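Chemist: Dumping the structure here so I can ask a few things about it.
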There are 2 protein chains.
Amino acid sequence: MTSLQHVNPRVRGIRVSPQNVLQSLAEHITQEITQGAHKPFKEVIDVSSGDPHRAGMKPVSFVRQVLAVCLYPELLKDQSLPLDVKLRAQRLLEACDGGSVGSYSDSSGLLHVRQSIAEFITKRDAGVPSYAKNVFISSGSQKALMIIVRLLASGEGETQTGVLTPMPCPHTLPTLLDEAEVALVPYQLVEERGWAVHLEELHRAVTTARGHCQPRAIYISNPGNPTGHVQTRESMEEVIRFAAAEGLLLFVDEVYQDSMIGLDREFISYKRVLFEMGKEYAETVELVSSHSLSCTSIAECGQRAGYMEIVNMDPEVMHFVDTMLCTDVSTPITGQLALDLMVNPPKPGDPSYDTYTQETLLTQTTLSQNAQRAVELLNDLPGMSCQPAMGGIYLYPCLHLPSEFRQLAKMLEVEAHVLYCQKFLEEEGVLVGVGHDGGTASSHHVRLCVHVPPDTMEEVLTRLRSFHLRLMDGHCNSD
Amino acid sequence: MTSLQHVNPRVRGIRVSPQNVLQSLAEHITQEITQGAHKPFKEVIDVSSGDPHRAGMKPVSFVRQVLAVCLYPELLKDQSLPLDVKLRAQRLLEACDGGSVGSYSDSSGLLHVRQSIAEFITKRDAGVPSYAKNVFISSGSQKALMIIVRLLASGEGETQTGVLTPMPCPHTLPTLLDEAEVALVPYQLVEERGWAVHLEELHRAVTTARGHCQPRAIYISNPGNPTGHVQTRESMEEVIRFAAAEGLLLFVDEVYQDSMIGLDREFISYKRVLFEMGKEYAETVELVSSHSLSCTSIAECGQRAGYMEIVNMDPEVMHFVDTMLCTDVSTPITGQLALDLMVNPPKPGDPSYDTYTQETLLTQTTLSQNAQRAVELLNDLPGMSCQPAMGGIYLYPCLHLPSEFRQLAKMLEVEAHVLYCQKFLEEEGVLVGVGHDGGTASSHHVRLCVHVPPDTMEEVLTRLRSFHLRLMDGHCNSD
């Protein structure tokens, strides 16, 4: 029998995060409730990460209708389905090998969908051209990032590849870098400036890293996960000039590009900014931008599809992106078709246009209102402060915990914000995300997904308020 | 810009197989035809690997109907859909978080589906119990194998993990082992005994390997890919005793378990044989068995789902299987639901039963008839011999090529069977698989998928016959 000592040391080394422990606790509590245990709450609400359909958000009808017809083409005869649904399904089926969603696709994705994506990007970026050959479909933005990071991974010690990583960062990122065996080079975002990227901090990070590893890429999340920050054009230009000067590949996670908080706010992509900075940058800076089905108003997490666009990469190097995608054989076809629907929604005049627009607008309005309502309430609480979110689906409030509570945590050998999350879960049945600030014990944060129905948001805030005030009251010695 | 020299050496080292080159050539020819080029054939037929829907096989209505309803639950009101379709869709939706296929699942899969799979296995194996906790859903059998191989990978040189691998083996396997950095330890299957596993050869392989690497697992494909061989119970018992004596994990790829050639032939699983050998083996031999949606009569390759069952693995080690599955976040939900339909089809009396049975029986009959017809024809050709297939979807004929042709290949610095495949593709527009016999130049094989519609099979055989006779005629000096 394979013994633990024979397990791949790299696999054994994958960190178990406190979040995993809390997740198990949440499952345990849910089980207790199912078995009739009496709790002060009826069910556990999980707002630790984004899974809108699980939370009760409704799917977009147009997407589901087209996919249903693609799966069961007999529905083309169905009189109750809109004409544009049927036409689109027909067109998508023609794009599938053998006219069936049951066939594999090329490992980089269905050409038709890659073309739709390239057209979408070109339009989004006010005409900056995008080409299907630079668009790679994969099972999600995590996968895309994994491929790029694995591509760059090499060396050890001083020569080990390093990736500049924001602190805080998406909670899955440190494990992903671990697995790819690249060094995480942290750069701190500036909370008091709404979690903005600070140029001097980038310089500090890269300078400090040299000698310990070889920084070869910088990761940016914009709109920010979990910070909710959206960069200004000036800040993006700074990052681009920095990446150019330091010879870094720029990986931008732009999966929340359609989740702007405040409906008048417009998303500007790194690609557009790069190309508007002139040839010196537009033709040299290696840029990879990822987007995903899971993170939009459509929120089809279960379909597993996303894409990345790569510009300015040596074709010989880009070839290996394709090679690595082959390992997955092919991305799920229904997910790929959903990507097509995401980037090419019904147009004015199409039978599905009004319903589509109402449904996605409702989602976006809910998101904005949830975020604004939550930020207000959190900032009204003693011992809590929260930067307003400008985009994305998370809030990342800071906890100013009473010293007695922090001492209790110390005694229990657990970080104070982890203990906070655990008690909140046990006492009020809400699972929030444990903040990850790169091990600086001076500040404590939690992550809160606001892409949930309004009544769920209200319930979470009520329970949070009640728990937090009780905790602050119990430990008067706040600071 | 990232230069080639900075690309991860492990990624750079991934072999480009001659098959990839032929695949590109096939795409090129298809493009030429689209652009109006005159060729002696109207289209390229690809029988190099299994993709039944691309080849024109029909999907199973019950599967597609249930998935369509799950995607668009408004269809529950549709009067034209059978009642059991709607009831099943309702049950499956209840098993999804938030009642939606748009949510993530646990990384090891939906519990409901894992339970269905465990029940299926128990029934298949005449009561040998199977438990949902030992069943792990992933995006396919390739992924399952990758996870187990990565789990075991460690060491270098003499201590590097080795995996006993049949020759011939599934064409994707050597690359997969390469990527996981484990050593491929070849054992030769015995062609003249229908590609049976030979115990003495296993002993030879493991003995030779020791000192070069540390053999830790044996891979078996049964029914065999690409050989079409199905092992006898006695042969399986020999392999199990061998694995037990040598302390090897036994990974059995049983994805073609419902593709028996000859409808009276019954599949026996390794799990069943193991458990019927008594406690000495049943409680000690570490067994992983994989199955996949892509390889059954349902053949939903585009949905990307499969599972593995693990028995006798240390729970502390098995924990890391879960950890590695987390990297993929979750397997596509529609694929998982299709797995449930695969293992739990309509029962006698259900409204969909007759159609389901007719459709799957037609597929199985087609497969059997194709295989038998093709074997006959191939064996009738001069300079060609083919073992009859007992299961699976491939034939693996041996080419006895004229020495002139082999000299030509040598001059062109290409293996003779690769040149054969290339010329067949160029002259007749059929892409077959390049055989992989572990680099032994003495024998030449090609791989032929027979899971295609009967008229496609007929067309392939006609073109093959014509090409092969021409080639043999042109080089009279056969041996």
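The values are calculated or read from the model by the stated rules, or taken from the named source; none is laboratory data. These numbers were taken from a predicted model, which means no experiment stands behind them. Positions of Cβ are generated from backbone atoms using ideal geometry, with glycine treated the same way; all protein chains shown enter the neighbour counts.
Chemist: Being farther than 30 Å from B:R447 by Cβ and in the same structural domain as B:G391 (by TED's automatic domain parsing), is that true of even one residue in region B:41-57?
Modeler: Here is the first cut: in region B:41-57, the ones farther than 30 Å from B:R447 by Cβ are none.
No: region B:41-57 contains no residue that is farther than 30 Å from B:R447 by Cβ and in the same structural domain as B:G391 (by TED's automatic domain parsing).
Chemist: Which one of B:V44, B:V69, B:V60 is touching a strand residue (DSSP E or B) at 6+ places or on another chain (Cβ under 7 Å) and aliphatic (A, V, I, L, M)?
Modeler: That would be B:V44, the only listed residue that is touching a strand residue (DSSP E or B) at 6+ places or on another chain (Cβ under 7 Å) and aliphatic (A, V, I, L, M).
Chemist: Checking the structure you have, find out if any residue of region B:424-431 is free of Cβ contacts under 8 Å to residues at least 60 places away in the same chain and closer than 16 Å to B:L471 by Cβ.
Modeler: If we filter region B:424-431 for residues that are free of Cβ contacts under 8 Å to residues at least 60 places away in the same chain, which is where we start, we get B:424.
Next, from what is left, pick out any that are closer than 16 Å to B:L471 by Cβ: B:424.
Scanning region B:424-431, I find at least one residue that is free of Cβ contacts under 8 Å to residues at least 60 places away in the same chain and closer than 16 Å to B:L471 by Cβ, so the answer is yes.
Chemist: Tell me the residue from A:H417, A:H451 that is without any contact (Cβ under 8 Å) to a residue 60 or more places away in the chain, touching a Gly at 6+ places or on another chain (Cβ under 7 Å), crowded, with 23+ Cβ neighbours inside 10 Å and not assigned by TED's automatic domain parsing to the domain that holds A:C295, please.
Modeler: Details: A:H451 fails: without any contact (Cβ under 8 Å) to a residue 60 or more places away in the chain.
On inspection, the qualifying residue turns out to be A:H417.
Chemist: How about region A:60-95: which of its residues are crowded, with 23+ Cβ neighbours inside 10 Å and facing chain B (nearest Cβ under 8 Å)? Quick ask: steps written out before the conclusion?
Modeler: Keep residues of region A:60-95 that are crowded, with 23+ Cβ neighbours inside 10 Å, which gives A:60, A:62-72, A:75, A:85, A:88-89, A:92.
A:R64, A:Q65, A:L67, A:A68, A:V69, A:L71, A:Y72, A:L75, listed by residue number.
Chemist: Give me a count of the residues in region A:96-117 that are more than 9 Å from chain B (Cβ to nearest Cβ), surrounded by fewer than 20 Cβ atoms within 10 Å (Cβ to Cβ) and either at pLDDT 95 or above or more than 30 Å from A:Y270 (Cα to Cα) (or both).
Modeler: Adding up the residues that qualify gives 3.
Chemist: Restricting to region A:385-408, give me the number of residues that are part of a loop (DSSP other than H, G, I, E, B) and among the aliphatic types (A, V, I, L, M).
Modeler: Filtering region A:385-408 down to residues part of a loop (DSSP other than H, G, I, E, B) leaves A:386-390, A:392-393, A:396-397, A:400-402.
Imposing the further condition that a residue be among the aliphatic types (A, V, I, L, M) reduces the set to A:389-390, A:393, A:401.
Matching residues across region A:385-408 total 4.
Chemist: Now for a separate question. Restricting attention to region A:319-352, and to residues there that are part of a helix (DSSP H, G or I) and free of Cβ contacts under 8 Å to residues at least 12 places away in the same chain, which single residue is nearest to A:A118 (Cα to Cα)?
Modeler: Within region A:319-352, the subset part of a helix (DSSP H, G or I) is A:319-326, A:333-343.
Restricting the remaining residues to those that are free of Cβ contacts under 8 Å to residues at least 12 places away in the same chain gives A:319, A:323.
Values: A:H319: 19, A:T323: 21 Å.
That would be A:H319.
Chemist: Something else about it: From the list A:L199, A:L173, exactly one residue is more than 17 Å from A:P223 (Cβ to Cβ) and either in contact with an Asp or Glu (Cβ under 9 Å, 6 or more places away or on another chain) or not charged (D, E, K, R) (or both). Which is it? Working first, answer last.
Modeler: Details: A:L173 fails: more than 17 Å from A:P223 (Cβ to Cβ).
One residue alone meets the criteria, A:L199.
Chemist: Let me ask something else. Of the numbered conditions (1) surrounded by fewer than 22 Cβ atoms within 10 Å (Cβ to Cβ); (2) closer than 21 Å to B:N225 by Cβ; (3) modelled with pLDDT of 95 or more, B:E459 satisfies every one except a single condition; which is it?
Modeler: (2)
Chemist: A further question on this structure: Step by step: first the residues of region A:316-336, then only those that are within 7 Å of chain B (Cβ to nearest Cβ) and of a type in the set (V, I, T), then the one that is farthest from A:Y72 (Cα to Cα). Which residue is that?
Modeler: Step by step, filter region A:316-336, then rank; the result is A:V317.
Chemist: Let me ask you something else. For region B:162-177, how many residues meet the condition of being out of contact with any Pro (no Cβ under 8 Å at 6 or more places or on another chain) and either closer than 14 Å to B:I148 by Cα or not assigned by TED's automatic domain parsing to the domain that holds B:I261 (or both)?
Modeler: Going through region B:162-177 one residue at a time, the tally reaches 3.
Rundown of residues vs (1) farther than 21 Å from B:S17 by Cβ; (2) outside any strand (DSSP E or B); (3) of a type in the set (V, I, T), yes/no style:
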| site | (1), (2), (3) |
| --- | --- |
| B:L361 | yes, yes, no |
| B:K410 | no, yes, no |
| B:Y420 | no, yes, no |
| B:F424 | no, yes, no |
| B:V452 | yes, yes, yes |
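Chemist: Could you tell me whether A:S269 is under 14 Å from the mean Cα position of the chain (by Cα), buried (at least 22 other Cβ atoms within 10 Å of the Cβ) and more than 12 Å from chain B (Cβ to nearest Cβ)? Break it down stepwise before answering.
Modeler: Working: under 14 Å from the mean Cα position of the chain (by Cα): no; buried (at least 22 other Cβ atoms within 10 Å of the Cβ): yes; more than 12 Å from chain B (Cβ to nearest Cβ): yes.
Criteria not met by A:S269.
Chemist: If you don't mind, there's one more thing I want to ask. Scan (1) touching a residue at least 12 places away in the same chain (Cβ under 8 Å); (2) under 29 Å from A:S352 (Cβ atoms); (3) surrounded by fewer than 22 Cβ atoms within 10 Å (Cβ to Cβ); (4) at the interface with chain B (Cβ under 10 Å from one of its Cβ atoms) for the single condition A:S139 breaks and write down its number.
Modeler: Only one criterion is unmet by A:S139, namely (3).
Chemist: Can you say whether B:T334 is more than 18 Å from A:S330 (Cβ to Cβ), of a type in the set (S, T, Y) and in contact with a helix residue (DSSP H, G or I) (Cβ under 8 Å, 6 or more places away or on another chain), as far as the supplied structure shows?
Modeler: Working: more than 18 Å from A:S330 (Cβ to Cβ): no; of a type in the set (S, T, Y): yes; in contact with a helix residue (DSSP H, G or I) (Cβ under 8 Å, 6 or more places away or on another chain): yes.
So B:T334 fails the test.
Chemist: What strands (runs of 3 or more DSSP E), lying completely within region B:202-303, carry at least 2 residues that are within 20 Å of B:G127 (Cα to Cα)?
Modeler: By residue number, B:287-292.
Chemist: Mind listing just one residue for me: the one in region A:142-181 that is hydroxyl-bearing (S, T, Y) and surrounded by fewer than 23 Cβ atoms within 10 Å (Cβ to Cβ) and, of those, nearest to the other protein chains (Cβ to nearest Cβ)? Please lay out each step first, then the result.
Modeler: Residues of region A:142-181 hydroxyl-bearing (S, T, Y): A:154, A:159, A:161, A:165, A:172, A:175.
Filter once more, keeping what is surrounded by fewer than 23 Cβ atoms within 10 Å (Cβ to Cβ): A:154, A:159, A:172, A:175.
Working: A:S154: 5, A:T159: 10, A:T172: 8, A:T175: 8 Å.
Only one residue fits best here, namely A:S154.
Chemist: Among the listed residues B:M308, B:M342, B:M313, which satisfies the condition of being within 14 Å of chain A (Cβ to nearest Cβ), modelled with pLDDT of 95 or more and surrounded by 23 or more Cβ atoms within 10 Å (Cβ to Cβ)? Spell out how you get there, then give the answer.
Modeler: Details: B:M308 fails: within 14 Å of chain A (Cβ to nearest Cβ); B:M313 fails: surrounded by 23 or more Cβ atoms within 10 Å (Cβ to Cβ).
Every option except B:M342 fails the conditions.
Chemist: Can you pull out every residue in region B:304-318 that is in a loop (DSSP other than H, G, I, E, B), touching a residue at least 24 places away in the same chain (Cβ under 8 Å) and touching a Leu at 6+ places or on another chain (Cβ under 7 Å)? Quick ask: steps written out before the conclusion?
Modeler: So the first thing to find is which residues in region B:304-318 are in a loop (DSSP other than H, G, I, E, B), and the list is B:304-305, B:312-314.
Within this subset, residues satisfying the condition of being touching a residue at least 24 places away in the same chain (Cβ under 8 Å) are B:304-305, B:312-313.
Result: B:A305, B:N312.
Chemist: Specify which of the listed residues (B:N8, B:N20) is within 14 Å of chain A (Cβ to nearest Cβ), without any contact (Cβ under 8 Å) to a residue 40 or more places away in the chain and buried (at least 16 other Cβ atoms within 10 Å of the Cβ).
Modeler: Working: B:N20 fails: buried (at least 16 other Cβ atoms within 10 Å of the Cβ).
Checking each option against the conditions leaves just B:N8.
Chemist: Additional query: Looking at (1) more than 13 Å from chain A (Cβ to nearest Cβ); (2) in contact with a strand residue (DSSP E or B) (Cβ under 6 Å, 6 or more places away or on another chain), find the lone condition where B:Q35 falls short.
Modeler: Failed condition: (2).
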